[in-house]
Amino acid sequence: MTAIGTLRNTTKDTLREVLTRLQTEGAALGHFNVADHVLLKAVIAAASETKLPVFVGASEGEREFFGAHQLAALVKSLRQELDVPVFLNADHTHSLAKAVEAANAGFDSVGIDFSALPFNENVARTKEAVQAIKAVNPAILAEGEIGNIGTGSEIHETAGGDFKLSTPEEARQFVEATGIDILAPAVGNMHGMLKSMVQGKAKKHLNIERISEIKQAAGTFMTLHGGSGTDDEHFRKAIAAGINIIHINTELRVAWRESLGESLARDADDVVPYKILRPVVDSVKKVVSSRLRLFHGQPVSSDAVGSVA
Ligand SMILES: [Zn+2]
């Protein structure tokens, strides 16, 4: 076995096989971002608890903090002990060099993101990156992004920006011209959460009809970014309309911060990291498990997602 190539799961399923299977089952693969080992432990524990496959994601910032090769090595090690598939995605990759680095590290997919550029430039840069990563590993899946859904999985005061919906025609053109395997469109989704969403007073709503139209036009796997704070029923409808992967990041970050604060406040004299961090892993795991169950059509209680009611 070479150092380069897909990190095989013990289940031996490839990402493409799992996405195809979930699509026929009417389910979506949950994508959860990690910036450190605490978050990774939480995502893996949720996969183990629910017996459902997971997609671990790390953006450029998260990869820089974690180490792209170090994260790939940890995921490879963890998946050998699991009987459910775990895949690794290089989320929001903004340069050819970072895309190739992730492919070399053994990531199962690269989210190529030149969506901030004009359409034609986005096409050209994405196509170039698709060819480069597939030259490193032909089995790797390439994701491309169109439209603007804001930046930063953070808490925002207001939605801001002009989040125009992607059109079926630009989706079709983009997929044909770039050779991507997975399309990330703008369909009413948004990165981050508004304060009102964190407080459970508001939910994101998706344009389900547009998802169906884009799916028909593009004919590829589709991923939904910025899923945090979305109405449960909209998630179910979006999956039925053709969404194959759903990204949840901010909900994990909110649970992480709240539980870390509580854990630190519990005993000012406690300096044992694994005692302080264990409840944090549990809190984030609860959010991940709840989202996974929802994405696989299983019942979830309304208060299951941490403080995000
Ligand atoms: Zn995203």
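The values are calculated or read from the model by the stated rules, or taken from the named source; none is laboratory data. In this text the structure is predicted, and so the values were computed from the model without any measurement. Heads up, the Cβs are rebuilt from the backbone with ideal geometry, glycines too, and the neighbour counts pull from every protein chain shown. All accessible areas refer to the heavy atoms of the entire protein, side chains included, with ligands and DNA or RNA removed. Shrake-Rupley method; radii C 1.70, N 1.55, O 1.52, S 1.80 Å.
Going by the structure shown, is residue 221 buried (at least 18 other Cβ atoms within 10 Å of the Cβ) and out of contact with any strand residue (DSSP E or B) (no Cβ under 6 Å at 6 or more places or on another chain)?
Criteria not met by residue 221.
Every residue in the stretch 243-302 that is in a helix (DSSP H, G or I), β-branched (Val, Ile, Thr) and touching a residue at least 24 places away in the same chain (Cβ under 8 Å), please.
Matches in the stretch 243-302: 250, 254, 280, 281, 284, 287, 288.
Return the total of residues in the stretch 105-140 being within 16 Å of the ligand (Cβ to nearest atom) and in contact with a Phe, Trp or Tyr (Cβ under 8 Å, 6 or more places away or on another chain). Write out each step before concluding.
So in the stretch 105-140, the residues within 16 Å of the ligand (Cβ to nearest atom) come out as 107, 109-116, 122, 126.
Next, from what is left, pick out any that are in contact with a Phe, Trp or Tyr (Cβ under 8 Å, 6 or more places away or on another chain): 109, 122, 126.
Number satisfying all stated conditions: 3.
May I ask you to verify whether residue 216 is closer than 27 Å to residue 278 by Cα and either within 13 Å of the ligand (Cβ to nearest atom) or surrounded by fewer than 21 Cβ atoms within 10 Å (Cβ to Cβ) (or both)?
Numbers: closer than 27 Å to residue 278 by Cα: no; either within 13 Å of the ligand (Cβ to nearest atom) or surrounded by fewer than 21 Cβ atoms within 10 Å (Cβ to Cβ) (or both): yes.
Answer is no for this residue.
List the helices (runs of 4 or more DSSP H) inside the stretch 3-119, counting only whole elements, that have at least 1 residues being open to solvent by 50 Å² or more (accessible area, probe 1.4 Å), touching a residue at least 12 places away in the same chain (Cβ under 8 Å) and among the hydrophobic types (A, V, I, L, M, F, W, C).
Result: 60-66, 68-79, 96-105.
Considering only the stretch 237-274, state which residues are among the basic types (Lys, Arg) and more than 16 Å from the ligand (Cβ to nearest atom).
Correct list: 237, 257, 266.
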